[in-house]
Structure formats: C-alpha cells, structure tokens
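Asker: Sending over a structure as structure tokens; questions will come in a sec.
The values are calculated or read from the model by the stated rules, or taken from the named source; none is laboratory data. The shown structure was predicted, so the numbers you read here are calculated from the model rather than taken from an experiment. FYI the Cβ positions are ideal-geometry reconstructions off the backbone, even for glycines, and counts take in every protein chain you see. Remember, those area values only see protein heavy atoms, side chains included, never the ligands or the DNA or RNA. Shrake-Rupley method; radii C 1.70, N 1.55, O 1.52, S 1.80 Å.
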Amino acid sequence: MLSLSQRAYRRLYIFVALVLLLHFYGVYYHYHPNNSPVYSIDGRIPADCPSLPGLSDVVLVLKTGVTEAHSKLPIHRNTTLRCIPNYIVWSDYDEEVADIPVHDVLYNESSHLHELPDFNLYTRVKSYGRNGLTQIDLSDDPSTPFGKSNPGWKLDKWKFIPMIEHTFRLFNKPSLKWYVFMEADTYILWSSLLFWLERLDHTRPYYMGNQMQIRDVIFGHGGSGFVLSRPAISQAASLIDAQRSHWDSVTESEWAGDCVLGMLLRDAGVNLEWSWPMLQIAPPKEVEAFAGKYSRTPWCYPAVSFHHLKPDEIQEITRMESTVARQSPKGAKEPVLWKDVFLEMNRPRMIEGNLVDWDNEGEEERTVVRSVEACRQLCEKDRNCLQFTRRPDGMCLFGRDARLGEAKKGYGSGWMLQRIDARARALGTCPQPKWT
C-alpha cells in the first residue's frame, strides 16, 4: 500500500482544495452572470460615437432566445449596442453571439417550473446545447391574436419576471436612472429616447410603453420596447422578491409575459404611461405616417422604437438616423421625428406608376377589378384615396394614408403622390416636437 509523507499529504490537500475552489467558481459563473455591468463590446465606447447627454444614466436590456439569437442578434453589435455603456442581453441559454455576451435569465427558476411543458426547449438545450434544437424549434410561426405556438415563443413569457429581478440586482446603482427593455427584432433611436427621458422626472415611478390590453390589464407591448424608471423597477423587484411563487403561478396561467409584467407593475403601484406613437409595434414600412389615433397624429412626434425588423431594415434605420443628424444644424442632439422617417425612408420609394408584386397594405375593400391600372383609376376618382392595392383575387383596396408596404407576389400597388405630398406639406415642418 502506498504511503505518503506528511508534506505530501499537505500538498495533496492543497491541490484538492484548489480543484474544488476552481470548480465552485466555474459552476457559480456559469449559472450567475457577472455581478458587474456588461459594457460595450471592447470595454470602451468608440471614438466616433455621438456625445449623447444622459446615455450613461441608462441601462439597455435586450431580451432574446436561443432559437433566434444567431439570426437576429449580430446586427446589434455595430448598431444598437455599439455606443451603449451599460447593457445586458438576456436569453434562455448562456453563449456568446458575435462577441456579445448572452446570459441565461432562467438559470435559478425552481425545478418545478423546469418540469413544465413550456420548459422542454430549455431543458433540452441545457443538456445538449444547440445540438438539442429541432426544426420545429427554429420555425417562425405567424403571429395570431394569442401569440405563436412554437417552443421558443412559449418559453419567452417566463423571461419577463426574472429579467426584472436579475437586471435590478446587477444594475442597482443610484447613478442609473432608466431601464430600457427591447427585443432582438426591435430598434431604439437613441437621440429620440434620451430627449424624451430628459423631459421626465427620473425619481418618479415611470412605466412607459406602447399600450396594449388583455381583459382589464393595460400593459406596455414588449416588442415595441418599454421603459422603467429606477423607482419603478425597484418597486417591481421588491414585489417579485416578496411574492415570487405567486408571480410564477400567474405567468403559468397567462399567455403573454408582457401582460404579466403589466399586472406586476400595477400591483406595485406603477401604471402605464401610454407612449404611442413614439414606441411602435411595426417597422417603418407598415406605419401610417398621417393617421390619427388616440387623438395623436405621428408626424411631429419623435420616433423612438420600431419592432418586427429584419437585420437589413435595422441597418436602413441606422443609415436614416445618420442622414437626419447630418442634415440637422444640431446633429444628433435632437430627436428624429416621424416626419423624418417618412421623408427619408418611405416617400423616396413610392413611385409614380403601378408597382407589380408589391403590397402597400390598402385596407378599404372597394370592388373586384381586372387590373392594377383599373384600381388606380378608381382611386383617382376618390379625392381621399392616397394609395391603392389590388389583391391576387382581384379585389381593389383603398388606403386613406401613406404606407410603403413590401414585396408580395401577385399584388399590385400604387400611390397618389401629389395628394400624399400635399398632405405632408399640410402637416408642416414641425418647429417643435410633440411628446406623449
């Protein structure tokens, strides 16, 4: 039998202790994100970033998922996140995507929750990594009034409550005033956002979002982006800490995580500030620039966020922001208005003639016609018709606003450009922005 000297025993003891200590730290940091804020990609802000007052007071929280991170997150590396000093990306899987650290926000959920059907995707990926993903996981179902049915979407509702809890734990400093939440297909226009926040009292409990309603719950739509002041997120985190099992139960019974968050904030004494049209559920191509809703017309309001964006659309918005800043005497130190978005992104792509295989999303059904030109002629006879669409079934639709739309096989569209330009001139040059 091998015998060891007293010195050898001590060395073996120290070695084993070091191995156990390293193992402990490895496990801890795998399941617990770094307790210091996650800074921009290389640890410093690039020199060519615009100087935006108030940016260091803001924490950006981007929520994504393992099924979409690789396709949607990389574009944000050199756009959304490039000039942001304080941000964190939450997901359902720890990884790094395009040099962006991505953290598992569900790591400390109870074992009971991990056994629910909604967590099937989570437990598979936890065991097998990305090799555990299936084609069904990666499918992108069309949205319905009750959300989607794919596994990633079902898991997503569970991220909202822990996202609030963990974000406030990591970024709990008196110097931080605002917490801005977005998704991987959302884009935030920082100059507009910071001018908006500058007008508000950060010591009050603010919850600002694009208003949605389920039953009697008014909440901010998650994909449009929403904003919490420090007092608001503090009150929400305290309520989560006191009633965690209750909010797990509520999340299990609801289908929309942003609705659950709205319920939580309401119970915490923080009601939603309605923020349309500054926060949008759609991309620029789908937004009606002239339309009035909630007694507001978007034209002179700042554009703060867009949703349902593809990576190339995010790049287009970034270029538009730069163009507007170059043309403005104040550069990036003033908000981008809806007027700017329309004139820079949408109006230049509206042509004089008829556009084949294009749907500009006319909404008012008129009659079945033989051609796109016949649909145009009907629109010309109605002075309130600003655009027209002929569907593949022949139905001619009018639009009372100016939408750009997108390519779609079998559709035909066109715009009444003189009428559209006259409406734009009537809405004016917006000497002062309007604010919600």
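To keep it simple, each residue is scored yes or no on (1) among the aromatic types (Phe, Trp, Tyr); (2) farther than 13 Å from Pro392 by Cα; (3) in contact with a strand residue (DSSP E or B) (Cβ under 7 Å, 6 or more places away or on another chain); (4) modelled with pLDDT under 95.
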position: Gln327; (1), (2), (3), (4): no, yes, no, yes
position: Ala332; (1), (2), (3), (4): no, yes, no, yes
position: Pro335; (1), (2), (3), (4): no, yes, yes, yes
position: Met350; (1), (2), (3), (4): no, yes, yes, no
position: Asn360; (1), (2), (3), (4): no, yes, yes, no
position: Glu363; (1), (2), (3), (4): no, yes, yes, yes
position: Val368; (1), (2), (3), (4): no, no, yes, no
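Asker: If you don't mind, another one. Within the stretch 224-251, track down each residue that is surrounded by 24 or more Cβ atoms within 10 Å (Cβ to Cβ), under 18 Å from the mean Cα position of the chain (by Cα) and of a type outside the set (Val, Ile, Thr).
Answerer: Listed by number, the residues that qualify are Ser224, Gly225, Phe226, Leu228.
Asker: Determine which member of the set Ser305, Ser295 is open to solvent by 30 Å² or more (accessible area, probe 1.4 Å) and of a type in the set (Ser, Thr, Tyr).
Answerer: Being open to solvent by 30 Å² or more (accessible area, probe 1.4 Å) and of a type in the set (Ser, Thr, Tyr) holds for just one of Ser305, Ser295, which is Ser295.
Asker: Which residue, of Val356, Val324, Val250, is part of a strand (DSSP E or B) and of a type in the set (Val, Ile, Thr)?
Answerer: Result of the check over Val356, Val324, Val250: Val356.
Asker: Follow-up. Among the candidates Asp185, Asp156, Asp137, single out the residue that is buried (at least 23 other Cβ atoms within 10 Å of the Cβ), in the same structural domain as Lys63 (by the TED database), under 17 Å from Ser71 (Cβ atoms) and out of contact with any Phe, Trp or Tyr (no Cβ under 6 Å at 6 or more places or on another chain).
Answerer: Numbers: Asp185 fails: buried (at least 23 other Cβ atoms within 10 Å of the Cβ); Asp137 fails: buried (at least 23 other Cβ atoms within 10 Å of the Cβ).
None of the other options fit; the residue is Asp156.
Asker: Which ones in the stretch 107-141 are more than 24 Å from the chain's Cα centre (by Cα) and modelled with pLDDT under 85?
Answerer: Result: Ser110, Ser111.
Asker: Scan the stretch 17-73 for residues that are open to solvent by less than 60 Å² (accessible area, probe 1.4 Å), assigned to a loop (DSSP other than H, G, I, E, B), at pLDDT below 50 and at negative phi and jot them down.
Answerer: Within the stretch 17-73, His32, Pro33, Ser36, Pro37, Ser40, Ile41 qualify.
Asker: Conditions: (1) touching a residue at least 60 places away in the same chain (Cβ under 8 Å); (2) part of a loop (DSSP other than H, G, I, E, B). Ala282 meets all but one. Number of the miss?
Answerer: Answer for Ala282: the failing condition is (1).
Asker: Please specify each residue of the stretch 154-192 satisfying the condition of being without any contact (Cβ under 8 Å) to a residue 40 or more places away in the chain and under 14 Å from Leu106 (Cα atoms).
Answerer: Lys154
Asker: Continuing with this model, one more query. Looking at (1) under 14 Å from the mean Cα position of the chain (by Cα); (2) closer than 21 Å to Tyr179 by Cα; (3) of a type in the set (A, V, I, L, M, F, W, C), can you tell me which one Val102 breaks?
Answerer: (1)
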